[in-house]
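A.B. asks: Please read through the structure below; I'll follow up with questions.
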Amino acid sequence: MSKVYFSTWRGELVDNRGLPKDEWKESEYNLPEQYEEHRASRAFIGWDGVSIFDDDVDVIKLATEYAAQYQIYSEACGRCAPGRWGGRILYDMLDKIARGEGELSDFEHIKEIAKSMQLTSKCEIGKTVPNPILDLMTYFEDDFLDCINNKKPSKHYTQDELDYIAKITAPCMDECPSHVDIPAYIEGVRDLRFDDSLMATRQTMPLAHTCGRVCPHPCEDACRRANLDEPISIMELKRLGADYETDHGFGFFHPVEKKPSIGKKVAVIGAGPAGLTGAYYMAAEGIDVDVYEELPVLGGEVTVGVPEYRMPIDRYNKDIECVKDMGVNFITNHKVTADEMRQFEKDYDAILIATGTRLSKKVRCENEREEIKGYWGAINFLDCINLYEKFGIKVPKEIQQKQMLDKDYVDLTGKTVVCVGGGFTSMDVVRCSVRAGAKKVIMIYRRDEKTIIRNTTYEEYHEAVEEGVEFLFHSAVSKIVTDENDVLQKLIVSKFELIPDPDGGRPQLKKIEGADYELECDYLIPAVSQSANFDFLPEEWDLEMTSWATLKTNGRDYMTSRKGVFAAGDCEYGPMTIVNAVGQAKRAASVISRYVQTGEITLTDEEIMEDHLRKLKVYDKNEKVTGWLPGLPRAVSEKLDVEIRKTNNREVNLGFTQEEAIAEAERCMRCYYIAMVAT
Amino acid sequence: MIEFSIDGITVKAQKGETILEVARRYGIYIPTMCYVSKTTPCASCRLCSVEVEGADGFVLSCNTPPTPGIKVTTNSQKLHNERVNIMKLYDVNHPLECGVCDKSGECDLQNKTLEFGVDTQNFSAKEQKRYVKHWNLIDYDPSLCILCEKCVHVCNEVIGDDAIEIYFGGYNSTIIPKNSDTLDCTFCGECIAVCPVGALVSSDFKYTSNAWELRRVPAICAHCSAGCSLEYDVKHTSLESNEDKIYRVKNNYEYKNLCGAGRFGFDFYIKPRKNKDEDFNKAVDALKNAKAVRFSSIITNEEALILQKLKEKFGFKLFNEDARLTKEFYNNFASTSGKSLDSVNLEELSCSDGVIVIGTQIATDNPAVRYAITTASKQKGAKVVYFHPVEDKLMQNVVNQFSKYEVGTEEGVLALIANELLKNKELPNELKNYFDNLDFGYIEAESSIGADEIASMSLWLKRSKNITLVAGNDLVSHDKAKNIAKILGVIDRYSDVNVLIVPKDMNTIGVSQICELDKDDENLDNVVGYNDKGDFIISSMEENADMIVPAINQQEGTVVSIDKKVLPTNVALRFDGYTLNDIANELGLNKELTIEWTKELGSIKGFKEVDFDSLENFYGRLGEDIRGYEFDIDTDLDVSLNLDDIDDLPEYNGVVIYNANPVLQFNRYTAKTKQLPKEAVLRGSKQFAIAAKLNDGDVVKVDIDGVEIKRKFEIDPDLKGVVGINPTFDLDFEVNSYRFKKTKLERVEQ
């Protein structure tokens, strides 16, 4: 809800003109009425209407400025005749009226040009820029006609003290936690300019290979194309740019030139997606970055968690090399201690903690003890598999012993593996178990098929089923049974039913009495969730924690309760996605790069607008899409045949062929929008 | 097949076709300003919007494939109004300089402005000051530019230079050189060709003629074997003189390409000398007494046939090592492939999804092949694996794997490739045994192509279903060409890969099929050189030859292109002198005109008995090549599989140079043109300079097949390795030997 003077946002007409302020009707949308803590918004104007918060706003000037922003921001567009010239004419004629030199015919021409732009522009920016302008011309016609007929400037034309802050967005960009410029990288594919495509991605996402392969793509849930037929296969189109760079042996296409050193140093703890991302963008700003990594290898969970068949390490290494190429210094095999952290605080200008969540949580059942042989936390299980498969690093002797392995790698031939989970990690566990030769692989999940698909992806679930993983839904382990040597023997499994919530909430799970049964197995791998390990934090820092036992920040600037100490990624948010970690770290890097120079915690206008739009939500699933032919199916890339893939680590997703990629890119509607706030 | 309707007509679309493509195939008109068939849609003009029943708003036809059953309307009042509006926008502030603009008369903006009747401008935008950019052979005027993006698309997707891009800035948008202050490219000039307005123009042609004054002569480019179609635009030299001159060259840019040598290197025509009668008589005598005639492959089929007939009549020998080696190569290829010639054309190459290149610096040897590979790579996602001792920087953005082999080991490398491509194929026993008995350890060691590189090639080509192997002239001129050709034949016949052999010169194939050639290894007296060295030289290339004959663009006749097509070319400029046919007449072969020999070609296998004047010379509305006729290839010849063992791969130690020409240079024709850069220098990497003990700027003596020439040496930072690159385009004789040379480079005082 927002208090507005006048609003046409998203088709809702709120008109409080002539009413005293305390009688103003509110808008039901989360409009950015307060730009910053001490800075109110006067107006908000965007693709879907205009909202005015202050009755003194000069609407003609507002319309003119919006058209002007289209000129300034049209680097993103300006690619079609109606947009390029139409936008300019719109501005010139609005300004003419605002100056007091307009004619009635100009008023009509604006409408005519606006109509053409709406109908024929290449992208939504050109199609939607006229929308709020026409709204203003309709509802404030008298103001316009007053200027035209009396040949006078608009009311604040000469002494305009407002600030106009504009931002380009798109539904997919808004939904992406890293706010990747998705239409730009898709346009790069469509135009066969893969270097441009990659640079567009890398503006906010250095891990293009990775997020072109294993991103759960929340963006696709906000793809406007879904309003017409099916969402664009956004995620897979990302890898084309990265593959182009790698496959032709080019140097790295960085989106910006590295700035010369500014003499500031930042320590990053952890070389996973968040650490890599933070380091990349800080290094680009001329900061000297040291990244400390506990493991012998770089890349964090994507390296030791995500299996080779989903994310080939040679491709991920390219993402990592790209970060190195920006001039980041890495120190591996180095577990940071509390004493070191105290020292870092003195030696570095800031610290970014990006240590992830690397403790497997328990399944919470009877007789669940870490020391049971055959009880194997998912994180360690995947570490063992991935370090061996990707780097040839053998399973340590003590783990071999505890987990009764007779080889120095994970060989599960003849074994039955039960995994308890339902998220990406558990999928990795079961599919790796298949590849490690397990006789039988079972996934136990408390809820149903639909939910597991929602928590992961349809492809992931479908491929696991194809590979022979057995899914037991509505089930949970209630007890672990061991033999006299404390070796796992079997599990007692309980069955549940889902009781729908009459209020439409998440259904409740109710145990079905007497339905328990036994399940014999060799391994139980809990993959229910992970938690963070903060034993390296000096106790006296007493960093504020969330209720999830992660580091608390305000979720906007990513500073912890201690000045100069920042946190991003899973250790801040809890176990989440790569793209979430990247988005947080990118923002943190931006904040830190200013903090180390000024000592102030600030956000850029771009970032403030980003947060406002996120709150407002750019995607409107009920919007009717026009100007596109519906019914064009989403491209699906070829997958390695199940019989070929399930015994090895070959990449399962073969990616699009060029023709598929181009056809898919052609479906993208370039839903760029301009939003502008006047303060 | 998707069935739908356009303007009430039931039409069918193939997979991947857009509404616009289907409409054009059915001859239904949809206006466009930014569409060029050979690239992905630019989608900037929006003129091609159509209406689809049931879909709200307009649908862009250029990038939308149809769905079954839709009803498309290409024209309605509503569409017309919007198209008019778009044209109004295009015309806003477009400089009114049609009176002097190069494009006037053939300008899409003019045409569409007229078509949509935009005769007034009732709104305007603020003027902006913009400056003309001078990019060497190309001028760019941003104020004339309508930002259709055709140039950018063509440069990137077809040519592969990727040298220009859009500077995004809305109303201030403009075309700029990519990653460079000025245009740094191979100057093919396709950007000029596709420009629908006068924004990109030839700096040489600019302001020299109105389009409608020029007479258009369809012809074939003389500079390489691609047989590119071009059009010489001809007009009188000045008001005082009615002598004609070629003003520029144009091409069918909608579907085909032309490189810069074809486009800018057109002024190689020649004039007869004053005492032409005397020269003529001497030439007749010289031929009468000749022991041999040595000639280049840059001649027409008709000239080649005349030389052959003269040989038959006078018994002299005919020397043309290029065509002779090529002929032998084809014969050996035929012995294992069963095909008299390779059967792939450039159109097919451009549709490949996998390409293997070996034995050529393809970007400069044959730009048309390069463009086909670029198209395949960019548009079809073809994976390109390139084997050569010298890395070709121009090809980097299409090449996936570059494998460097040791100079001279082509035979071994090809055996490795063949062995890999034939894996898991049903093979006759003798072939199986042949490959089983090859010593691959030895070959890998000598060629430096390891098993990992061959495995990597397979990995790249894993998903490819339509692979072409491009075989260059290093193979044809190789000492082991016989076995190399046989291995190529085996690949063509027994693997899924098709072989394309790149001929060296304009009419290498034609000559190889027409003439019975003798081996040029005797030291004979009385050799007549025809566009080549000799004791008496008849040439269209050398001003100081003993007799001057017309250059290719002053002749009519036919040639056989890389596509194995017999193509007609025409006279762009008159030649007031004698021709080879005149000499032949004098010597008793009675044909009034050279082109009377065209029909006689029919007696030679592969050619047809047709009159020159009945040969067509154009492209169809959809880009169908309706020029000349297909050379008939025998495809069911007997096969014999006796291949040679590979156990003596040559070694090239010490200083090695590679005879290869720089961008835009091919031969003595290109060497004498005004616009093309023609500095002929020996180039090498720093490493080469150290190995050859040379400094940048040194002048050295280079031995080319026994002829000593002087070359300036320059260090080229783009080159790697220890092979230097030596151009041959400026030499007054043909170099047809193996292109790598072990050589001593002796420094000389300048």
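The values are calculated or read from the model by the stated rules, or taken from the named source; none is laboratory data. Nothing here was measured: the structure is a model prediction, and the numbers come from that model. So basically every Cβ, Gly included, is an ideal-geometry build from the backbone, and we count neighbours across all protein chains shown.
A.B. asks: Among strands (runs of 3 or more DSSP E) lying entirely in the range B:175-280, which contain 2 or more residues that are assigned by TED's automatic domain parsing to the domain that holds B:Ile164 and not aliphatic (A, V, I, L, M)? Give the derivation first.
C.D. replies: Values: elements: B:200-202, B:215-220, B:229-236, B:244-250.
Because the criterion is at least 2 residues that are assigned by TED's automatic domain parsing to the domain that holds B:Ile164 and not aliphatic (A, V, I, L, M), the strands (runs of 3 or more DSSP E) in the range B:175-280 that meet it are B:215-220, B:229-236, B:244-250.
A.B. asks: Out of (1) polar (S, T, N, Q); (2) touching a residue at least 40 places away in the same chain (Cβ under 8 Å); (3) within 12 Å of another protein chain (Cβ to nearest Cβ), what's the single condition that is false for A:Ser105?
C.D. replies: Failing condition for A:Ser105: (2).
A.B. asks: May I pose another question? Among B:Val154, B:Val118, which is the only one that is among the hydrophobic types (A, V, I, L, M, F, W, C) and within 30 Å of B:Ala363 (Cβ to Cβ)?
C.D. replies: Answer to the selection: B:Val154.
A.B. asks: Can you tell me which residue within the range B:371-406, out of those that are touching a helix residue (DSSP H, G or I) at 6+ places or on another chain (Cβ under 6 Å), more than 20 Å from B:Asn473 (Cβ to Cβ) and small (Gly, Ala, Ser), is farthest from the other protein chains (Cβ to nearest Cβ)?
C.D. replies: Out of the qualifying residues, it is B:Ala376.
Yes or no, residue by residue, for (1) part of a loop (DSSP other than H, G, I, E, B); (2) within 11 Å of chain B (Cβ to nearest Cβ); (3) under 23 Å from A:Gly11 (Cα atoms):
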position	(1), (2), (3)
A:Asp55	yes, no, yes
A:Lys61	no, no, yes
A:Ala67	no, yes, yes
A:Arg79	yes, yes, no
A:Asp92	no, yes, no
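A.B. asks: Same structure again: For the range A:161-176: of the residues being in a loop (DSSP other than H, G, I, E, B) and touching a Cys at 6+ places or on another chain (Cβ under 7 Å), which is farthest from A:Ala40 (Cα to Cα)?
C.D. replies: Residues of the range A:161-176 that are in a loop (DSSP other than H, G, I, E, B), as a first pass: A:161-163, A:170, A:176.
If we keep only those that are touching a Cys at 6+ places or on another chain (Cβ under 7 Å) as well, we get A:170, A:176.
Details: A:Ala170: 24, A:Cys176: 27 Å.
Checked the range A:161-176; the qualifying residue farthest from A:Ala40 (Cα to Cα) is A:Cys176.
A.B. asks: Which condition from (1) buried (at least 22 other Cβ atoms within 10 Å of the Cβ); (2) at the interface with another protein chain (Cβ under 8 Å from one of its Cβ atoms) is the one that A:Ile97 breaks?
C.D. replies: The number of the failed condition is (2).
A.B. asks: Just the residues that are within 7 Å of another protein chain (Cβ to nearest Cβ) and either touching a residue at least 24 places away in the same chain (Cβ under 8 Å) or within 37 Å of the chain's Cα centre (by Cα) (or both), please, taken from the range B:71-104.
C.D. replies: B:Glu82, B:Ile86, B:Tyr90, B:Val92
A.B. asks: Determine which member of the set A:Ser154, A:Ser197 is within 13 Å of chain B (Cβ to nearest Cβ) and of a type in the set (S, T, N, Q).
C.D. replies: Exactly one of A:Ser154, A:Ser197 is within 13 Å of chain B (Cβ to nearest Cβ) and of a type in the set (S, T, N, Q), namely A:Ser197.
A.B. asks: Could you tell me whether B:Glu586 is acidic (Asp, Glu) and either crowded, with 17+ Cβ neighbours inside 10 Å or farther than 17 Å from B:Glu556 by Cα (or both)?
C.D. replies: yes
A.B. asks: Any idea which residue in the range B:32-57 is surrounded by the most Cβ atoms within 10 Å (Cβ to Cβ), counting only those that are at the interface with chain A (Cβ under 9 Å from one of its Cβ atoms) and without any contact (Cβ under 8 Å) to a residue 40 or more places away in the chain?
C.D. replies: At the first step, the residues of the range B:32-57 found to be at the interface with chain A (Cβ under 9 Å from one of its Cβ atoms) are B:33-34, B:39-47, B:49, B:52, B:54-57.
Restricting the remaining residues to those that are without any contact (Cβ under 8 Å) to a residue 40 or more places away in the chain gives B:41, B:43, B:49, B:52, B:54-57.
Working: B:Pro41: 26, B:Ala43: 23, B:Ser49: 24, B:Val52: 22, B:Gly54: 11, B:Ala55: 22, B:Asp56: 13, B:Gly57: 17.
So the residue we want is B:Pro41.
A.B. asks: Can you pull out the residues in the range A:373-396 that are of a type in the set (Gly, Ala, Ser), in contact with a strand residue (DSSP E or B) (Cβ under 6 Å, 6 or more places away or on another chain) and part of a loop (DSSP other than H, G, I, E, B)?
C.D. replies: A:Gly374, A:Gly377, listed by residue number.
A.B. asks: Looking at this structure, is A:Leu629 within 14 Å of chain B (Cβ to nearest Cβ), aliphatic (A, V, I, L, M), farther than 29 Å from B:Cys42 by Cβ and without any contact (Cβ under 8 Å) to a residue 24 or more places away in the chain?
C.D. replies: No: the conditions fail for A:Leu629.
For every residue, the table says whether it meets (1) surrounded by fewer than 24 Cβ atoms within 10 Å (Cβ to Cβ); (2) more than 30 Å from B:Asn523 (Cβ to Cβ).
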position	(1), (2)
B:Val293	no, no
B:Ser343	yes, yes
B:Ile362	no, yes
B:Asn366	no, yes
B:Val369	no, yes
B:Glu406	yes, yes
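A.B. asks: Now for a separate question. Identify all residues within the range B:117-149 that are away from every other protein chain (no Cβ under 14 Å), surrounded by fewer than 14 Cβ atoms within 10 Å (Cβ to Cβ) and within 21 Å of B:Met33 (Cα to Cα); write none if there are none.
C.D. replies: Across the range B:117-149, the qualifying residues are B:Gly117, B:Asp119.
A.B. asks: Assigned to a loop (DSSP other than H, G, I, E, B), away from chain B (no Cβ under 11 Å), out of contact with any strand residue (DSSP E or B) (no Cβ under 9 Å at 6 or more places or on another chain) and over 16 Å from A:Pro231 (Cβ atoms): does that describe A:Asn622?
C.D. replies: So A:Asn622 does not fit the description; no.
A.B. asks: Sticking with this structure for a sec: Please verify whether the range A:342-349 includes one or more residues that are hydroxyl-bearing (Ser, Thr, Tyr) and surrounded by fewer than 23 Cβ atoms within 10 Å (Cβ to Cβ).
C.D. replies: Checked the range A:342-349: at least one residue is hydroxyl-bearing (Ser, Thr, Tyr) and surrounded by fewer than 23 Cβ atoms within 10 Å (Cβ to Cβ).
A.B. asks: Return the residues of the range B:697-725 that are in a loop (DSSP other than H, G, I, E, B) and either more than 30 Å from B:Asp204 (Cα to Cα) or in contact (Cβ under 8 Å) with a residue 40 or more places away in the chain (or both); say none if nothing qualifies.
C.D. replies: B:Gly697, B:Asp698, B:Asp705, B:Gly706, B:Pro717, B:Asp718, B:Leu719, B:Lys720, B:Gly721, B:Val722
A.B. asks: Kindly establish whether B:Lys432 is among the basic types (Lys, Arg), in contact with a helix residue (DSSP H, G or I) (Cβ under 8 Å, 6 or more places away or on another chain) and more than 14 Å from every other protein chain (Cβ to nearest Cβ).
C.D. replies: For B:Lys432, the condition - among the basic types (Lys, Arg), in contact with a helix residue (DSSP H, G or I) (Cβ under 8 Å, 6 or more places away or on another chain) and more than 14 Å from every other protein chain (Cβ to nearest Cβ) - is not met.
A.B. asks: Among the residues of the range B:681-696, write down those that are surrounded by 18 or more Cβ atoms within 10 Å (Cβ to Cβ) and part of a loop (DSSP other than H, G, I, E, B).
C.D. replies: Of everything in the range B:681-696, those that are surrounded by 18 or more Cβ atoms within 10 Å (Cβ to Cβ) and part of a loop (DSSP other than H, G, I, E, B) turn out to be B:Ser685, B:Ala692, B:Leu694.
A.B. asks: Taking the condition surrounded by fewer than 18 Cβ atoms within 10 Å (Cβ to Cβ), more than 21 Å from the chain's Cα centre (by Cα) and either within 30 Å of B:Ala334 (Cβ to Cβ) or outside the structural domain of B:Asn251 (by TED's automatic domain parsing) (or both), does B:Lys674 pass?
C.D. replies: When the stated conditions are applied, B:Lys674 does not pass them.
A.B. asks: A further question follows. Please count how many residues of the range B:606-625 are more than 18 Å from the chain's Cα centre (by Cα) and under 22 Å from B:Leu341 (Cα atoms).
C.D. replies: Residues in the range B:606-625 being more than 18 Å from the chain's Cα centre (by Cα) and under 22 Å from B:Leu341 (Cα atoms): 5 in total.
A.B. asks: Follow-up question, since we're still on this one. What do you reckon, is A:Glu463 in contact (Cβ under 8 Å) with a residue 24 or more places away in the chain and not assigned by TED's automatic domain parsing to the domain that holds A:Val214?
C.D. replies: Considered against the rule, which asks whether it is in contact (Cβ under 8 Å) with a residue 24 or more places away in the chain and not assigned by TED's automatic domain parsing to the domain that holds A:Val214, A:Glu463 comes out as yes.
A.B. asks: Checking the condition of a type in the set (A, V, I, L, M, F, W, C), away from chain A (no Cβ under 12 Å) and free of Cβ contacts under 8 Å to residues at least 40 places away in the same chain, which residue from B:Leu60, B:Leu114 passes? Steps first, please.
C.D. replies: Numbers: B:Leu60 fails: away from chain A (no Cβ under 12 Å).
Going through B:Leu60, B:Leu114 in turn, the sole match is B:Leu114.
A.B. asks: Tally up the residues in the range B:453-488 that are basic (Lys, Arg) and surrounded by 19 or more Cβ atoms within 10 Å (Cβ to Cβ), please. Quick ask: steps written out before the conclusion?
C.D. replies: In the first step, residues of the range B:453-488 are kept if they are basic (Lys, Arg); the result is B:462-463, B:465, B:480, B:482, B:486.
Cutting the leftovers down to surrounded by 19 or more Cβ atoms within 10 Å (Cβ to Cβ) gives us B:480, B:486.
Residues that pass the stated criteria total 2.
A.B. asks: Check A:Asp142, A:Asp135 and return the single one that is surrounded by fewer than 24 Cβ atoms within 10 Å (Cβ to Cβ), assigned to a helix (DSSP H, G or I), free of Cβ contacts under 8 Å to residues at least 12 places away in the same chain and out of contact with any Asp or Glu (no Cβ under 9 Å at 6 or more places or on another chain).
C.D. replies: A:Asp142
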